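The values are calculated or read from the model by the stated rules, or taken from the named source; none is laboratory data. These numbers come from a predicted model, not from an experiment. Glycine also receives a Cβ, built like all others from the backbone with ideal geometry; neighbour counts cover every protein chain displayed. These area figures cover heavy atoms from the full protein model, side chains too; ligands, DNA and RNA do not enter into them. Shrake-Rupley method; radii C 1.70, N 1.55, O 1.52, S 1.80 Å.
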Amino acid sequence: MMSRFQLQVWLLAMVMCVGLWAAPLALAEEKPQYGGVLRVAHAADPPSLDTHQEQTFAVNIPMAPVYNTLVMFDPHHYPKVIGDLATAWTVSADGLTYTFTLHQGVKFHDGSELTSADVKASWDKMVFPPEGVISVRKSYYQMIKSVEAPDRDTVVFHLRYPSASFLNMIAHPANFIYAKKHLDEDIHYYKKNAMGTGPFKLKAYVHGSSIELERNPNYWKQGLPYLDGVKYFIITDDGARAKSIRAGRTDVELRFFSPSEAEGIKNQLGDKVVVANTGQPGHFGVVINVDKKPFDDERVRKALTLAIDRYDMARTLSPLTSLDTVGGLVPPGTPWALTSEELQQLPGFSKDYEGNLKEAKRLLAEAGYPNGFKMVLTNRSVKLPYIDLGVYLVSAWKKIGVEAEHRLEESATWSQSRRTRDFELLVDPFGTATVGDPDELLVKFVSNASNNWGRFSEPVVDKLFEQQKVERDEQKRAQLVKELQKEVLKKAWWIPGLWWTRLEVRSARIHNYEPMPSHWLNRRLEDVWLSER
């Protein structure tokens, strides 16, 4: 069993893994160059600009350079947590009070000075959102009892219980600090506007085309940023994004490419590009709206998961999508992961696929659907890997007589459908944007969690989550996490698909940049620079 320190070493090793392609090491004597615009191939339009209310890379990637957070993951020494707006912090002896001291002289893009009141207002919006305000990560912060701003430069977090994951969780890259004056005027101000303290300012946003940022000449971190700006070209077609890299029209794709696409780019451009294998930060599965019949019936849900041959799916989809690993609800290889033997005891993970199909048909007949039924799978109209996964699932369900309409929605509509539960089944990715702690990954399976999109309620799961989040013994915690996963999967409350391996492709002109496991991490770009062509 890994200790917490060993886990951090494992995470660091994961992010440094470069697979088949070796990244060139930066020379110590390299001197940063000022100037240039980094051109990013971006896969989707943001549903809004407020990352507190959105749970998609489409917002976080282009908006991260506009803002700062209280603390952050060190962009060059992941998973170390360092201060961002916080210059220092202390922790009480009982672990229930964290006191943060802020940097002085930090200014918003409009020239107004940031104070502790802005930090408190932003965190109150995320942890204690007023009625009518969505906070998709609210459930991550169950440990926070209150946030105080006792003076202009101090922020105090009071916790309900000592939490080993607290610093990692508040370092989540989406925890942007907004200006209190705008939140007071309109709590939804940041859905359509971008005004932070970050190294870049929003210059222009053309829906469906591009998002353009320009250098903040008054950035509070002296000498930064190096870039004149960043421009995100919204290119929804995977092949077109790859062509933009090949042709030199863009410099980087900050999400991921399929193995075949990444290899093709590398073969064509050679040492002009870097391809990095950053690990397995995410899982693509299917959420079920359990309030809609027949999905309230456990037998139907089990039949749907039994119909999927995950081992064949991994072989089929891996070269096309990077969906390549069968696993439970936490990343494979971590201390909390279910072993292959444990998985094979759960519905849909046995390698006897013919037996799985037979049992699925029996369960459907028992539930009153001997000839199957029709349903709708709602999916995001992003090919990699959403559409390819959806096509495979629809084909699998046909084998047990279930006809699934594959309904594709553009990102904003899909996000809205997920939030409002306007779906029967919906392709549902989840994963880590911190260090993969169960507090982050498994809260979505707790009753009434903000990201429990299916709204299922399983008291045993709730109890296990409450126990694991305060358990200090590593082995006992790992066992509780395993039991929680088994409870979700054996009743098919959520249909697991596959874990994906993130391959990030970037120009070798990009310097002082290290990719991290999640495509949400290290998107500030404040100390990144470009060499000449």
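Overview of results
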| read-out | value |
| --- | --- |
| Close pairs (6 angstrom Cβ cut-off, 6 or more residues apart or separate chains): closer than 12 Å to SER417 by Cβ in segment 368-379, of a type outside the set (Gly, Ala, Ser) and open to solvent by 20 Å² or more (accessible area, probe 1.4 Å) anywhere | VAL376/GLU405; VAL376/ARG407; VAL376/GLU424; LEU377/HIS406; THR378/ARG407; ASN379/LEU408 |
| In segment 304-333, residue farthest from PRO517 (Cα to Cα) [restricted to those that are of a type in the set (Val, Ile, Thr) and open to solvent by 10 Å² or more (accessible area, probe 1.4 Å)] | THR316 |
| The lone exception for LYS125 - which of (1) charged (D, E, K, R); (2) in contact (Cβ under 8 Å) with a residue 40 or more places away in the chain; (3) loosely packed, with under 15 Cβ neighbours inside 10 Å it fails | (3) |
| Those residues of segment 81-99 which are touching a residue at least 60 places away in the same chain (Cβ under 8 Å) and surrounded by fewer than 15 Cβ atoms within 10 Å (Cβ to Cβ), in sequence order | ASP94, GLY95 |
| Residue within segment 288-299 that is open to solvent by less than 10 Å² (accessible area, probe 1.4 Å), closer than 30 Å to PRO370 by Cα and in contact with a strand residue (DSSP E or B) (Cβ under 6 Å, 6 or more places away or on another chain) present | yes |
| Subset tally (residues that are surrounded by fewer than 22 Cβ atoms within 10 Å (Cβ to Cβ) and modelled with pLDDT under 95) for segment 383-403 | 1 |
| Residue within segment 338-346 that is in a loop (DSSP other than H, G, I, E, B), β-branched (Val, Ile, Thr) and closer than 17 Å to ASP437 by Cβ present | no |
| Residue check for GLY132: of a type outside the set (D, E, K, R), open to solvent by 10 Å² or more (accessible area, probe 1.4 Å) and modelled with pLDDT under 95 | yes |
| Filter result (in a helix (DSSP H, G or I) and hydrophobic (A, V, I, L, M, F, W, C)) within segment 445-496 | PHE445, VAL460, VAL461, LEU464, PHE465, VAL470, ALA478, LEU480, VAL481, LEU484, VAL488, LEU489 |
| Selection count where residues are touching a residue at least 12 places away in the same chain (Cβ under 8 Å) and open to solvent by 30 Å² or more (accessible area, probe 1.4 Å), scope segment 266-276 | 5 |
| Test: residue in segment 500-512 that is on the phi > 0 side of the Ramachandran plot, open to solvent by 10 Å² or more (accessible area, probe 1.4 Å) and in contact with a strand residue (DSSP E or B) (Cβ under 7 Å, 6 or more places away or on another chain) | yes |
| Cβ pairs under 8 Å, 6+ apart, first in segment 463-478 and free of Cβ contacts under 8 Å to residues at least 24 places away in the same chain, second charged (D, E, K, R) and assigned to a helix (DSSP H, G or I) | LEU464/GLU483; LEU464/GLU487; GLU471/ARG477 |
| Residue tally, condition among the aliphatic types (A, V, I, L, M) and open to solvent by 60 Å² or more (accessible area, probe 1.4 Å), over segment 100-121 | 0 |
| Entirely in segment 348-444, the helices (runs of 4 or more DSSP H) that have 1 or more residues that are in contact with a Lys or Arg (Cβ under 8 Å, 6 or more places away or on another chain) and over 30 Å from GLY239 (Cβ atoms) | 353-366, 438-441 |
| Residues being open to solvent by 10 Å² or more (accessible area, probe 1.4 Å) and part of a loop (DSSP other than H, G, I, E, B) - total across segment 138-162 | 6 |
| Selection count, segment 334-366, where residues are open to solvent by 20 Å² or more (accessible area, probe 1.4 Å), in contact (Cβ under 8 Å) with a residue 60 or more places away in the chain and farther than 27 Å from GLN475 by Cα | 1 |
| Selection from segment 237-277 of residues that are of a type in the set (A, V, I, L, M) and in contact with an Asp or Glu (Cβ under 9 Å, 6 or more places away or on another chain) | ALA242, ILE245, VAL252, LEU254, ALA262, VAL274, VAL275, ALA276 |
| Of all residues making up segment 431-443, the number that are open to solvent by 10 Å² or more (accessible area, probe 1.4 Å) and more than 18 Å from LYS482 (Cβ to Cβ) | 2 |
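Rundown of residues vs (1) modelled with pLDDT under 95; (2) open to solvent by less than 30 Å² (accessible area, probe 1.4 Å), yes/no style:
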{"residue": "PRO217", "(1), (2)": "no, no"}
{"residue": "GLY229", "(1), (2)": "no, yes"}
{"residue": "ASP237", "(1), (2)": "yes, no"}
{"residue": "ALA240", "(1), (2)": "no, no"}
{"residue": "ILE245", "(1), (2)": "no, yes"}
{"residue": "ARG249", "(1), (2)": "no, no"}
{"residue": "PHE256", "(1), (2)": "yes, yes"}
{"residue": "GLY264", "(1), (2)": "no, yes"}
